[in-house]
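Undergrad: Just passing along the structure, written as structure tokens.
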Amino acid sequence: MRYSEMFLPTVRETPSDAEIASHKLMIRAGMIRKLATGVYSVLPLGYRVVKKVEAIIREEMDRAGAQEVYLPAVQPAELWQESGRWKMYGKELLRFKDRHNREYCIGPTHEEVITDLVRNEIKTYRQLPRNLYQIQTKFRDEIRPRFGVMRCREFDMKDAYSFDIDSEGADISYQKMYDAYSRIFSRMGLKFRAVEADTGNIGGSFSHEFMVIADTGEDALIFCTKCNYAANLEKAEVAKPEKKAVNPSAFLALETVHTPNVRTIEEVSKFLKVKPGEIVKTLIFQADSKPVAVLIRGDEEVNEAKLRSFLGCDILELATDDVVLAVTGSPKGFAGAIGVKADIYADDSLMNMVNVVMGGNKEDYHVRNVNNGRDFQVKAFADLRVILKTDPCPRCGSRLRFAKGIEVGHVFKLGDKYSKAMRATYLDKNGKEQYMVMGCYGIGVGRTVAAIIEQNNDDKGIVWPMSVSPFQVVVVPVNVNEKTLAEAAENLYGALRKKGIEVLLDERDERAGVKFNDADLIGIPLRITLGPKKLAEGEAEVLVRKTGKTKSLKLEKIPATISGMVKRGLRKHP
RNA sequence: CGGGGCGUAGCGCAGCCUGGUAGCGCGCCUGCUUUGGGAGCAGGAUGUCGGAGGUUCAAAUCCUCUCGCCCCGACCA
């Protein structure tokens, strides 16, 4: 490609509305432009990278035995009503009506459509297992899109769906995808971790997220310094404390204390001169509209994802003020467990606590020396809290490390959630109808591109790994008005292309500095500079973007040498 | 959805408080010079000041509404 003919609008100044490196650089390098909040146009340079990323994904998906399909973006409401997600998915689902007033949505994901397709066509165990995937546009009406293509509303996703006859088969399909994902992200030169994750909106029994480690990531991860336990913070298990025998003789007499306008844990702690860890918070939630009381230590936090899966509910919300009043008899800030009109669940950390401080279920009152079993009855103890840095690894007890990550991929074992709701069945060997066991597997294409940039940039711009670089080499004649330089550059351009190398020829009539800076910004891994002095000796200079190292080579040797360097670069992340 | 902020030339911004000729840098166009890390000189083009309404002799500036965009939060009593 010739630079002078390319639609490649680089910008010198940092865009004012970009926060993180990848967003700034994608704008500056002329890869993307914003059309509306969370909606981006992809320009030629950006699209070249997208296509490379997609090619790697396709190769590895095909290698893993998946087959590519292409499903509609527009989906009828009926399918979503069948799976129950028309109600569940909430405002993120972009809905609309056609001219006949029929309801549709733009697919944020494709479980419904694929399940519908497969249930209509697959009838017997002989046709299973199958794994179908596509790369396609999704729309999710995010509350707050941000960070460029990292969290946007319209984006391309690779989504795959596996169908098996039983759970064991589904485990094999899951493992295949897990392995394929590991290869995909390795080939892109990413440093990543697969972590145990919450299944959220998609549902299912378990899942792993593929996290690119980056400080700008939106997810918090923990991993063990010793064993291989790794999890998203919202999923991370807390080691169960040992249950000790509680001796009721240690219970002190209940004591009601007047605490005017003392509501928060901090205020209670100060007012009563007790540590936050000695106070018990009572949180009133509504689980599918049914109020529940959740007890947790004052210095800890409820993990809503854990609570939701523990209760097995779909919608979990903190109760509104009037529900709190109805359930506890007091306004927010004074809720306690005694006499509360709801089931009481408590975090494991409260199992051995005695004589705690709690809200009094009466405005401006708290209670001391409250005890489970005497003053109220916990229905069940469970791991309901957010893990802390000081917690030990739930598997081996070693120290944990925290990191930030970008979720580029997510694999789910769905079980029969969709096949049951939508009656996707097959006949087994005995002629008996069985539900298919499903898995689903996503990769955010644009987000992966952004994540690659987050991990591969310096103060001059992007530093592409060879495997996803929009061009492998850029040829820069320092002055196109010198005929010998211009000709040598043309010759080199032709010779490199003959070798199958992807070359950008910067034959613009610009000063060398401008071209160097653009080459650095757009991140081409190798640069060949043609200058008058070297050329007089029949040589040109090769620069490696990542290391900044240069070497001079005889012109006739360049195509072979560069070809070798490109191949080595590609082999580095096989 | 709640809070905060910003919309002025293609981009980055000043001007607004205290109403009175719309500016700066970069980019863009022309010419000459220059040519290995974002050139110099000379000349030139470019604005519904986000939109609508209002106040005023007069509005980028003050007021009201509205649209767009960015940031923070959106559950912890």
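We did not get these values from a lab; they are worked out from the coordinates using the rules stated. Model, not experiment: these values are computed from the prediction. With ideal geometry, Cβ positions are generated from the backbone for all residues, glycine too; neighbour counts draw on all protein chains shown.
Undergrad: Any idea how far apart A:E68 and A:T550 come out in nm if each label point goes 7 Å out from Cα toward Cβ?
TA: Placing both labels 7 Å beyond Cα along the Cβ direction yields 4.1 nm.
Undergrad: According to the square roots a ≥ b ≥ c of the eigenvalues of the Cα gyration tensor, what is the shape class of the range A:77-154, taking rounded for a/c under 1.5, prolate for a/b larger than b/c otherwise, and oblate for the remainder?
TA: oblate
Undergrad: Among DSSP beta bridges whose residues both lie in the range A:243-346, state the antiparallel percentage, nearest 5.
TA: 75
Undergrad: For a quick check of your reading of the filter: which trypsin sites (Lys or Arg not before Pro) in the range A:108-179 sit in a DSSP loop and have no more than 16 other Cβ atoms within 10 Å?
TA: A:K123
Undergrad: Something else now. Compare the Cα positions of A:I165, A:G38, A:I528 along the charge dipole of chain A (+1 at Cβ of Lys, Arg; -1 at Cβ of Asp, Glu; about the Cα centre) and return the one farthest towards the positive end.
TA: Result: A:I528.
Undergrad: Ok, one more. Taking every alpha carbon pair in chain A, what does the distance histogram look like in 20 angstrom bins from 0, in percent?
TA: 18, 40, 30, 10, 2
Undergrad: Another question, if that's okay. Given the -39500 (n - 2.57) contribution per DSSP H run of 4+ residues, what per-residue ellipticity at 222 nm results for chain A, rounded to the nearest 500 deg cm²/dmol?
TA: Taking each H run of at least 4 residues, the total per residue is -8000 deg cm²/dmol.
Undergrad: What is the local net charge at A:L117, summed over the other residues whose Cβ is closer than 14 Å to its Cβ (Lys, Arg +1; Asp, Glu -1)?
TA: Charge balance near A:L117 sits at -3.
Undergrad: If contacts are Cα pairs under 8 angstrom and at least 6 residues apart, what is the relative contact order of chain A in percent?
TA: With pairs under 8 Å counted, the relative contact order is 17 percent.
Undergrad: Can you pull the one-decimal nm distance between simple spin-label points at A:K567 and A:T225, each 7 Å off the Cα toward Cβ?
TA: 4.5
Undergrad: Is the shape of the range A:367-445 best called rounded, prolate or oblate, per the rule: a/c under 1.5 gives rounded, else a/b larger than b/c gives prolate, else oblate, with a ≥ b ≥ c the square roots of the Cα gyration tensor eigenvalues? Mind showing how you got there, number by number?
TA: Numbers: a/c = 3.16, a/b = 1.54, b/c = 2.05.
Oblate.
Undergrad: OK, next. Can you tally the net charge around A:V42? Count Lys and Arg as +1, Asp and Glu as -1, for every other residue whose Cβ sits under 14 Å from the Cβ of A:V42.
TA: +3
Undergrad: Using every pair of alpha-carbon atoms in the range A:248-382, split the distances into 10 Å bins beginning at 0 and state the percent of pairs per bin, rounded to integers.
TA: For the range A:248-382, the binned pair fractions read 13, 46, 34, 6, 0 percent.
Undergrad: Find out how many positive minus negative residues lie around A:I57, taking Lys and Arg as positive, Asp and Glu as negative, among other residues whose Cβ is under 13 Å from that of A:I57. If you can, show how the numbers build up before the last one.
TA: Working: positive: A:K51, A:K52, A:R58, A:R63, A:K158, A:R183, A:R187, A:R447; negative: A:E54, A:E59, A:E60, A:D62, A:E68, A:D156, A:D159.
Cβ neighbours under 13 Å give a net charge of +1.
Undergrad: While we're looking at this one, here's another question. Using the crude model of +1 on Lys and Arg Cβ and -1 on Asp and Glu Cβ, and no other charge, please compute the dipole size for chain A relative to its Cα centre, in debye to 20. Before the final figure, lay out the partial values.
TA: On the way: 88 positive and 79 negative charges, 296 e Å.
Roughly 1420 debye for chain A.
Undergrad: Hey, in chain A, which Cys have no second cysteine's beta-carbon closer than 4.7 Å?
TA: A:C105, A:C152, A:C313, A:C440 - these cysteines have no disulfide-compatible partner (Cβ-Cβ under 4.7 Å) in chain A.
Undergrad: In addition: What's the longest bit of chain A with no exposed chymotrypsin sites (Phe, Trp or Tyr not before Pro), using DSSP loop states and at most 10 other Cβ atoms within 10 Å as the test?
TA: With a cap of 10 other Cβ atoms within 10 Å, the longest stretch comes to A:71-574.
Undergrad: Let me ask something additional. Could you tell me what percent of the DSSP beta bridges with both partners in chain A are antiparallel, to the nearest 5?
TA: For chain A, the DSSP antiparallel bridge percentage is about 80.
Undergrad: Filter the GluC sites (Glu not before Pro) in the range A:164-253 to those in DSSP coil with at most 13 other Cβ atoms within 10 Å of their Cβ, and list the result.
TA: Those that pass, being in a loop and sparsely packed, are A:E218, A:E242.
Undergrad: Answer rounded, prolate or oblate for the range A:1-97, using the Cα gyration tensor with square roots of eigenvalues a ≥ b ≥ c: rounded when a/c is under 1.5, else prolate when a/b is larger than b/c, else oblate.
TA: The shape class here is oblate.
Undergrad: Follow-up question, since we're still on this one. If contacts are Cα pairs under 8 angstrom and at least 6 residues apart, what is the relative contact order of the range A:248-382 in percent?
TA: Relative CO of the range A:248-382 lands at 29 percent.
Undergrad: Hey, which aspartates and glutamates would be in cross-link range of A:K499, C-alpha to C-alpha under 16 Å, not counting anything within fewer than 8 residues on its own chain?
TA: Of all the aspartates and glutamates, those that pass the test against A:K499 - Cα under 16 Å, at least 8 places apart if same chain - are A:E490, A:E556.
Undergrad: Pairs of alpha-carbon atoms within less than 8 angstrom and 6+ residues apart define the contacts here; what relative contact order does the range A:203-296 have, in percent?
TA: Averaging sequence separation for qualifying contacts and normalising by length gives 11 percent for the range A:203-296.
Undergrad: Charges at C-beta only: +1 for Lys and Arg, -1 for Asp and Glu. How large is the resulting dipole of the range A:248-382 about its Cα centre, in Debye rounded to 20? Intermediate results must be reported in sequence, preceding the final value.
TA: Values: 15 positive and 19 negative charges, 74 e Å.
My answer is approximately 360 debye.
Undergrad: Let me ask something else about it. Give me the distance in nm between label points sitting 7 Å out from Cα along the Cα-to-Cβ direction at A:K341 and A:R102, one decimal.
TA: 4.7
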